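Single-structure report; data block below.
The values are calculated or read from the model by the stated rules, or taken from the named source; none is laboratory data. Just so it is clear, the model here is predicted, and its values are computed rather than measured. Note that we place each Cβ from the backbone using ideal geometry, even for glycine, and neighbour counts take in every protein chain shown. Surface accessibility is based on the protein's heavy atoms, side chains included, excluding ligands, DNA and RNA. Shrake-Rupley method; radii C 1.70, N 1.55, O 1.52, S 1.80 Å.
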Amino acid sequence: GAVVSQHPSRVICKSGTSVKIECRSLDFQATTMFWYRQFPKKSLMLMATSNEGSKATYEQGVEKDKFLINHASLTLSTLTVTSAHPEDSSFYICSAREGSPGGGQYFGPGTRLTVL
Amino acid sequence: AQSVTQPDIHITVSEGASLELRCNYSYGATPYLFWYVQSPGQGLQLLLKYFSGDTLVQGIKGFEAEFKRSQSSFNLRKPSVHWSDAAEYFCAVGVTGANNLFFGTGTRLTVIP
């Protein structure tokens, strides 16, 4: 099946610094990628939809200036958490969709961000 | 608006016993339906999906799910659970015209020896 990777898998940073998370589709081209945030014992919250070559679409309540998304190629999307604070600590998961809007999404393994 | 309900937050079953995880959705048309499994600290793995056709869908790891339009349900089943099946299971719905998936709140499965 389709494989999506994320890097890094775990990152610890100081408050005020920025962190970049990469999401790659390894064996297929993904015109659309998604970024989710998952809180402990909770479901996934969609943060934004990333479209190759265009601006990301953010969900209501998600600060676009804080969570910068770039989808520079058909296999790579990046999420940069700018000026991170402890409340940004979370599990961030990306997914990539193969094919049509009704197609399933393939998820990366997630990135655990801890902001001290 | 579309929504997904997983009524069971936590289920415990004995190894070798059968399993059924419930999922109900709310949507005006036929949705695209998915089941994902998440092990602790990991991403989500697609177990199976339903788009159209046969309402009984076979997935990986011996799982199956049945789409019942009259009940707006897409329950996940496995005839004999293995200890390695212990994980969090998410039901998700995709709808026409929307890019993203809508997830249920998940059901945590515990398997006891």
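Observations on the model:
- Scanning the range B:21-63 for residues that are more than 12 Å from chain A (Cβ to nearest Cβ), loosely packed, with under 14 Cβ neighbours inside 10 Å and within 23 Å of B:TRP83 (Cβ to Cβ) returns B:GLN58, B:LYS61.
- Sub-9 Å Cβ pairs linking a first residue in the range A:52-78 that is on the phi > 0 side of the Ramachandran plot to a second residue that is small (Gly, Ala, Ser), at least 6 apart or interchain, are A:GLY53/A:ALA72; A:GLY53/A:SER73, ordered by first then second residue.
- Enumeration of residues in the range B:1-20 that are part of a strand (DSSP E or B), open to solvent by 60 Å² or more (accessible area, probe 1.4 Å) and not acidic (Asp, Glu): B:THR5, B:HIS10, B:THR12
- Residue check, A:SER77 closer than 20 Å to B:GLY43 by Cβ, within 13 Å of another protein chain (Cβ to nearest Cβ) and open to solvent by less than 20 Å² (accessible area, probe 1.4 Å): no
- Qualifying residue in the range B:52-70 (condition: touching a strand residue (DSSP E or B) at 6+ places or on another chain (Cβ under 6 Å) and among the polar types (S, T, N, Q)): yes
- Test: residue in the range B:50-63 that is assigned to a loop (DSSP other than H, G, I, E, B) and among the aliphatic types (A, V, I, L, M): no
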